[in-house]
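The values are calculated or read from the model by the stated rules, or taken from the named source; none is laboratory data. The model shown is predicted, which means the values in this text are computed figures rather than measured ones. Don't worry about glycine lacking a Cβ; one is built from the backbone with ideal geometry, like all the others, and counts go over all protein chains shown.
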């Protein structure tokens, strides 16, 4: 029973079954809405609409299917199976890469060779020359002109092992990354410093299970968003670290330090609003990092009033209503509704340097710098994952492009002429092997003097 | 879409459609003499297709890499290039166009109905890994398409030889054994380039999204597609799946690739993948 179980566990049939089941789970993940891909509001809406279905999926862990118990079991079985299959294959690989022992077989009667041919050797060419030409073409040749065997790319089966080892490297790197991963979001405006304080991250950052969060210190010097025809084409952020060294980050070019990446993503206005009384005395004021891009409304409070702000980066009036030509910051204007105790006091627009009067005060927009949102990630083990990717890519190229080719041959004299009799085979192909060996021997002998096949 | 590009794009589409019609004519009316002429027609279409790509490059300052229209345009170009290259090296393989060109016609037709507007290079696409990722993606798609085409030829020829009714058009195809091995060879080539594509994409994703793998719908479909072809290779090498079974497998597996290139962003809008410029 045990041996039967182990046999099944280490079988390729089980591998295929597991890959298929993993594929089914991946498909299910595309069909079942995943928490990580939905906003909390959307998820709650779904839960509200289909409570029993969501409860069923949640019980199975299918709303985070890629980390669900079933998925983890499948991955565990997959790697156990992979390890067992590789272990079983080691003797086979050893056997395959070994050069044939003993006298090479007769090419005319050797079984399993789809390519057979006999060539007249040109004048001045003998068996030794043929062997040396084959060696030049990368064949490891044993024997002599009375019977030889040449093998090319004999180490190719090792690539099978390397390809599958790459899976373990990716697994190892992935596990290290999961346990050391820190994820957080932080919004920083121009001129603002950050010393790595975890309390300053938006909401609660995901802390690493092992190791500290990012230890960084920098000040954002400038933020320069670039839009061309409404398409974001750049978001340059200049920073100066604690040692006074300047760095620049952009989309696709994060600021990297202490195994952490600071990825710039969202940008928005961080205006300095000041409330003044009639005499011009400043009552209250602050830089506000407003989340108003894309027509969103944001709220801030100053001097006991609430201000609802909508932002128009490229302001104009469309049929009397405020609108924006594009998301480019060409003519930035805020539409502000001032409220007190839930009642609207006034509504109006404010431009940079301008003001909006309400009650006995006025709201001034003194400066209009930007803020930028950094997605912060810290993790270790990435180089192991990348090594896994590199190994997988190299191994798959090695195994499938540089596969084993084998020739057996003999040079014999017949009616005063030297004849080369050869047979050839390769892994994976039969018909195409014939073409390949025909072309190779024609080139090798620089002749089309093949006598028969 | 610039005027110059539009003219050459539509000329290419018309030429490829004519070639598709020509192949259908050859099979239905058993007239194989028509087939070499179709290769010349496809070559002309390929040239106008290349001009359309150059015109787009000239108009927007970067190669067409993103969005359904550009994906269809570049993908179609790679598939036609692959078809012409294998047909140039081996005349019997010119017939692969029978299945690959109609697919290109459908793809380009779908693409032009989506978003052909000229767009500047989005910040999210400005990365050297983009070129490696997308280049290998199209090589993989091209190779898998050729595998599908070889599968279609295999099944057509097999059916013809089984029925005993000789169609001289099928005689131009390579032998069944060769077609069977070609399917495997193209699948293997596609699998190699697919592997490199996924690895390059993961490395790029780390700098763009902060995670080398996010289980995004496009990523997940790419993995499903890669696994499908991995299964295909295992079935062939280990379990000896050949002939009709392998041909059907190569045809069916292409659907996973088409879904990851076009289907996911068509159905789902939660993908963070920048196949669409946002």
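What number of residues in segment B:201-220 are under 21 Å from residue B:258 (Cβ atoms) and more than 7 Å from chain A (Cβ to nearest Cβ)? Walk me through it before giving the result.
If we filter segment B:201-220 for residues that are under 21 Å from residue B:258 (Cβ atoms), which is where we start, we get B:201, B:215-220.
Narrowing further to those that are more than 7 Å from chain A (Cβ to nearest Cβ): B:201, B:216, B:218-219.
Result for segment B:201-220: 4.
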Requested in this report: Give the number of residues within segment A:228-248 that are more than 10 Å from chain B (Cβ to nearest Cβ) and either out of contact with any strand residue (DSSP E or B) (no Cβ under 8 Å at 6 or more places or on another chain) or free of Cβ contacts under 8 Å to residues at least 60 places away in the same chain (or both).
Outcome: 11
Query raised in the report: Can you find even one residue in segment B:6-18 that is closer than 24 Å to residue B:186 by Cα and surrounded by 22 or more Cβ atoms within 10 Å (Cβ to Cβ)?
Result: yes
Query raised in the report: How about segment A:334-423: which strands (runs of 3 or more DSSP E) wholly inside it have at least 3 residues that are over 30 Å from residue A:200 (Cβ atoms) and touching a strand residue (DSSP E or B) at 6+ places or on another chain (Cβ under 7 Å)?
Result: A:343-351, A:355-358, A:405-414
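Residue A:432 - would you say it is without any contact (Cβ under 8 Å) to a residue 40 or more places away in the chain and either not in a strand (DSSP E or B) or not assigned by TED's automatic domain parsing to the domain that holds residue A:147 (or both)? First the steps, then the outcome.
Details: without any contact (Cβ under 8 Å) to a residue 40 or more places away in the chain: yes; either not in a strand (DSSP E or B) or not assigned by TED's automatic domain parsing to the domain that holds residue A:147 (or both): yes.
When the stated conditions are applied, residue A:432 passes them.
Is it fair to say residue B:231 is outside the structural domain of residue B:29 (by TED's automatic domain parsing) and either farther than 25 Å from residue A:427 by Cα or crowded, with 20+ Cβ neighbours inside 10 Å (or both)?
Details: outside the structural domain of residue B:29 (by TED's automatic domain parsing): yes; either farther than 25 Å from residue A:427 by Cα or crowded, with 20+ Cβ neighbours inside 10 Å (or both): no.
For residue B:231, the condition - outside the structural domain of residue B:29 (by TED's automatic domain parsing) and either farther than 25 Å from residue A:427 by Cα or crowded, with 20+ Cβ neighbours inside 10 Å (or both) - is not met.
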Query - residue B:112 being under 22 Å from residue B:46 (Cα atoms) and buried (at least 24 other Cβ atoms within 10 Å of the Cβ) - result: no
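Residue-by-condition table, conditions (1) assigned to a strand (DSSP E or B); (2) more than 29 Å from residue A:380 (Cα to Cα):
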residue: A:149; (1), (2): yes, yes
residue: A:161; (1), (2): no, no
residue: A:172; (1), (2): no, no
residue: A:176; (1), (2): no, no
residue: A:199; (1), (2): no, no
residue: A:209; (1), (2): no, no
residue: A:221; (1), (2): yes, no
residue: A:227; (1), (2): yes, yes
residue: A:232; (1), (2): yes, yes
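Of all residues being assigned to a loop (DSSP other than H, G, I, E, B) and either buried (at least 17 other Cβ atoms within 10 Å of the Cβ) or under 17 Å from the mean Cα position of the chain (by Cα) (or both) in segment B:115-136, which is farthest from the other protein chains (Cβ to nearest Cβ)? Just the residue, please. Don't jump to the end; show me each part of the working.
Within segment B:115-136, the subset assigned to a loop (DSSP other than H, G, I, E, B) is B:115-122, B:126-127.
Retained after the next criterion (residues that are either buried (at least 17 other Cβ atoms within 10 Å of the Cβ) or under 17 Å from the mean Cα position of the chain (by Cα) (or both)): B:116, B:119-122, B:127.
Working: B:116: 15, B:119: 5, B:120: 4, B:121: 7, B:122: 5, B:127: 4 Å.
Among them, the one singled out is B:116.
Taking the conditions exactly as written (under 44 Å from the mean Cα position of the chain (by Cα) and not in a loop (DSSP other than H, G, I, E, B)), does residue A:329 satisfy them or not?
no
Can you pull out the residues in segment A:81-107 that are at negative phi and not in a helix (DSSP H, G or I)? Steps first, please.
First, the residues of segment A:81-107 that are at negative phi: A:81-101, A:103-107.
Of everything in segment A:81-107, those that are at negative phi and not in a helix (DSSP H, G or I) turn out to be A:98, A:99, A:100, A:101, A:103, A:104, A:105, A:106, A:107.
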Report task. Take residue B:254 and decide whether it is modelled with pLDDT of 90 or more, surrounded by fewer than 19 Cβ atoms within 10 Å (Cβ to Cβ), on the phi < 0 side of the Ramachandran plot and touching a helix residue (DSSP H, G or I) at 6+ places or on another chain (Cβ under 8 Å). Result -> no
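Regarding residue A:147, is this residue at positive phi and more than 45 Å from the chain's Cα centre (by Cα)? Break it down into steps so the answer makes sense when it comes.
On the way: at positive phi: yes; more than 45 Å from the chain's Cα centre (by Cα): yes.
Here the answer is yes, as residue A:147 does meet what is asked.
So, in segment A:418-431, exactly how many residues are within 14 Å of chain B (Cβ to nearest Cβ) and buried (at least 17 other Cβ atoms within 10 Å of the Cβ)?
Looking only at segment A:418-431, we keep the residues that are within 14 Å of chain B (Cβ to nearest Cβ), and these are A:425-431.
After this cut, where a residue has to be buried (at least 17 other Cβ atoms within 10 Å of the Cβ) as well, the list is A:425-426, A:428-429, A:431.
Total satisfying the criteria: 5.
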Query raised in the report: If you take the residues in segment A:33-80 that are crowded, with 16+ Cβ neighbours inside 10 Å and in a loop (DSSP other than H, G, I, E, B), which one is nearest to the other protein chains (Cβ to nearest Cβ)?
Result: A:34
**Report entry** Flag if residue A:111 is modelled with pLDDT under 85, assigned to a loop (DSSP other than H, G, I, E, B) and surrounded by 13 or more Cβ atoms within 10 Å (Cβ to Cβ)
**Finding:** no
Query raised in the report: Is it the case that some residue within segment B:258-265 is at the interface with another protein chain (Cβ under 9 Å from one of its Cβ atoms), at pLDDT below 90 and assigned to a helix (DSSP H, G or I)?
Result: yes
Query raised in the report: Pick from segment A:207-223 the residues that are crowded, with 16+ Cβ neighbours inside 10 Å and more than 26 Å from the chain's Cα centre (by Cα): which of them is farthest from residue A:197 (Cα to Cα)?
Result: A:223
